[in-house]
1. Could you please let me know if A210 is within 15 Å of F150 (Cα to Cα) and not assigned by TED's automatic domain parsing to the domain that holds D433?
2. Could you grab me the full set of residues in segment 660-672 that are within 34 Å of the chain's Cα centre (by Cα) and either under 30 Å from L735 (Cα atoms) or surrounded by fewer than 20 Cβ atoms within 10 Å (Cβ to Cβ) (or both)?
3. Select, from L651, L691, L728, L675, the only residue that is at pLDDT 85 or above, more than 24 Å from R519 (Cβ to Cβ) and either buried (at least 20 other Cβ atoms within 10 Å of the Cβ) or of a type outside the set (S, T, Y) (or both).
4. When the residues of segment 614-641 are filtered to those that are among the charged types (D, E, K, R) and part of a loop (DSSP other than H, G, I, E, B), which remaining residue is modelled with the lowest pLDDT?
5. With respect to the numbered conditions (1) free of Cβ contacts under 8 Å to residues at least 24 places away in the same chain; (2) surrounded by 15 or more Cβ atoms within 10 Å (Cβ to Cβ), which one is the sole condition not fulfilled by T183?
6. Got at least one residue in segment 818-829 being over 30 Å from P474 (Cα atoms), surrounded by 12 or more Cβ atoms within 10 Å (Cβ to Cβ), modelled with pLDDT of 90 or more and not β-branched (V, I, T)?
7. So which of G240, G249, G244 is touching a Phe, Trp or Tyr at 6+ places or on another chain (Cβ under 8 Å) and farther than 19 Å from P149 by Cα?
8. Give me the pairs: first residue in segment 784-811 and assigned by TED's automatic domain parsing to the domain that holds T851, second residue surrounded by fewer than 18 Cβ atoms within 10 Å (Cβ to Cβ) and of a type in the set (S, T, N, Q), beta-carbon distance under 7 Å, and six or more apart or on different chains, which are they?
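The values are calculated or read from the model by the stated rules, or taken from the named source; none is laboratory data. Everything quoted here is computed from the prediction, not taken from an experiment. Cβ placement follows ideal geometry from the backbone for every residue including glycine, while neighbour counts extend to all protein chains displayed.
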Amino acid sequence: MSEIPETTSDVVWQSSPPGSIYDYIKVASFSIGPDGLVDQWSRRAVDLFGMTSAEVRGKDPVEVFMPTELRPRGHRQVAEILDGKEWTGLVPFRMPGEGGAHGVAEVYVMPSETESGERAALCIVVDVRALRGIETDLAASQAIFGQSPFGFLLFGTDLKVQRTNERFATVFGGTADEHRGRTVHDYLSRPEAERMNASLRRVLETGEAAIDLQIVGAAPNSTDRRHWSINLYRVHSGSGRPIGVAGIGTDVTRRHVAAREAASARRNLALLNEASARIGNSLDLETTARELLDVAVPGFCDLASVDLYQGLLTGDEAPPGRWDAPHPESYGGGSAELRRVAFASAVSDAPLITTPGCSKQDGTPTAVGEVHRYSFNSPCSTALRNARVQAIPGEEGTLVQSTLAVPMVAHDTVVGLVQFSRTKGSEPFGERDQALAVELAARAAVCMDNARLYRREHERALILQRSLLPPGDPEAAGLDIACRYLPGNTATEVGGDWFDVIELPGHRTALVVGDVMGRGLRAAVAMGELRTAVRTLALLDLEPAEVLSALDEIARGLGSPSGTQQASRVAHKSREADLSEVYLATCVYAVYDPVTRRCTFANAGHLPPVLVEPGEEALLLDVPPGMPLGVGGEPFEEVEVELPEGALLALYTDGLVESRDHPLDEGLRAFRSALTDPARPGVGPHSSPALRPDAPPAIGAVRSLEDVCDHVLTTLDTRHGEDDIALLMARIQGLPLEAVGDWRLPREPRSVGRARELARAQLVSWDLEALVDTVELLVSELVTNALRYGEGEIRLRLLRDRTLVCEVWDAGLVQPRRRRARDTDEGGRGLQLVGLLSAAWGSRRTPRGKTVWFELPLPDGDSTAEPTVEQLLSMF
């Protein structure tokens, strides 16, 4: 910095600071005496010529500096100068300090006089090379400064503008000279100006350049926000003294806009990616709506709400939002009923959205869960009607700046409306935002429509599934039965679990529990087909293993359009068959005979039955599991178990004992423990009933079966909803001895009369005199047929329970066949008579022959009408 000037009156004394212009142009001086020799030599001459005063003083300057060939002319010029003539010109000189190099000096010679009046000369010398360098530097500086396409400013140490170029003046008006003396406050707003000043001061003090300083402002007479990138660096003099700060400004508004658009595109893409991952994870409509708002708030907007058509939520087949639906005027002059299912806000204590023109008639906002309508002329109703987004500006004095009312369209169906709102102070919605809003709403709409379609299929499958289950409480002779069926919740697909209780001849009962592998309507339909097949096969009175073998063939044929036989052939011929359409199922089929209390089990890959004997712990019956239905190739085995009176038998599906969180073994242990009731004293592997005479009986003996079912379901951690649950429980109650009449008759004609006598006596003992005549007649017919067409010993058995069953056994294998007798035939009408007088009749194979039976209702039950005379005569 320069020294402080000393002032006396109007004279200013100031020392020349280092790095002045004289340092750059290298001005030197020396004087020539009357004798033509150098008598004074300045210090700058020492620097310019590289020779000290001692080396030059008293010498001829021509001889010292000029080349030999120029010395004659040099002497003449010196002589003229001493004669009083001024002279200016370029003079070459030798530079001893630079190895004999030659230089060119511009010399200005002024005549002078000594004290004695003699003529002398004062010479001022300038190095021409330095002048040419300065000229080149000035020209280059002027070209860079003036022709630069960037705005250029030079600030002094007082942070005022010392110089600008034309480019800067073009942007901010006026000429370049008119900007001298201004400060940054003349161009920028106060916050930006203070930030710019702070940067200028820091650069000036530290010397560290400021690169890409972002400044926001507006040009004069313009409201457009401009963005500039400013580079600042400190400027020094030749001696290194700071003389100011230079700034280069570049308009980066386009780059900023492009970067903002790129950032917006990245944000939108990230939102869409997040929407793909987070929306539609649930098949619940309300959950999907909340997932949409979780993505949109606050990443896209500040407030948002979702309205869905009430018809969509209630399961109507034709949502009112279809584009070809009736005109909205048919809905009372407005939209159809909608329900507000979700609302989200990123603003604390923000009220519910009240979109201008879209609020209720009383002007109050719509609460979540409320059913409402939009007026016909409202923007929201227009968006629903036209299936196009509506941009709605906010009202004065409200929180909302603008709103986008976006219809949720899926498969040409409008399922609802989503409103995205931004509060005042946020960036307004643009075209990109509208496109993103439509995309977000469309993705959520597709998920909701899929949920609607799934729910419809799920409900239909449930209806089908429930229609195929036994109605009411099943009843069976010698059994107390209770059952539970719990379908999966609406978030999962229906399964193929089923159970059935089938009455068989002879008061026997078939108990069935099965599970079709897979889920959905396909599994429910397969379950229905298999259940129907089981009932059909049960009516044929086949053995349990035979029933499962026939079911296996049917299951293999379900996946083939050509039927069971072709599917079986293909399965046998090729082991590489496509299993994508194969129906696999597990099943337990049990036949219980209340007379003997014996139960025959056959299993096709199902979980084993559980038996709880009185006073004992529950145990798994050792029934060979076999292969699932549909696999084929393996025969099924049968196991016959005698069940004690009062025992509890449980058949179930895997949904009761298995889940993702609990393995099968753990679930089976818990199930057995719930049936045994381990909390009961005196029950367990280490307990002794003798030590606890007051111990209550087992759970199956002290509670009704309904209570047992409830206890099991509430005790086990079934994780209900993951899978269907089927539970079938039966308490063993065999027929008492007095309810059974059993006789063996020899194979002779008199056995027909003996059979009538035995039947009459048994019916009288049972107080069933009203059935004596009918039973005598029908028993006579069956025993006569056994004598005529059968073989071996004849057996007659009467069973009394809810109905009366009469059975005639023989060793013959020929099954009776009902036929229509001709008018001329004397016989052949016995089975017609049996069919007419009985409630039901039939025949079945036995291990040693066959059994023909008929069934009659008890007199206090629903009796069948007596046959008319015409019906009796029609047989003859």
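1. For A210, the condition - within 15 Å of F150 (Cα to Cα) and not assigned by TED's automatic domain parsing to the domain that holds D433 - is not met.
2. Residues satisfying the conditions are R660, D661, H662, P663, L664, D665, E666.
3. L675
4. Out of the qualifying residues, it is E634.
5. Only one criterion is unmet by T183, namely (1).
6. No, segment 818-829 has no match at all.
7. Residue meeting the stated conditions: G244.
8. W809/T846
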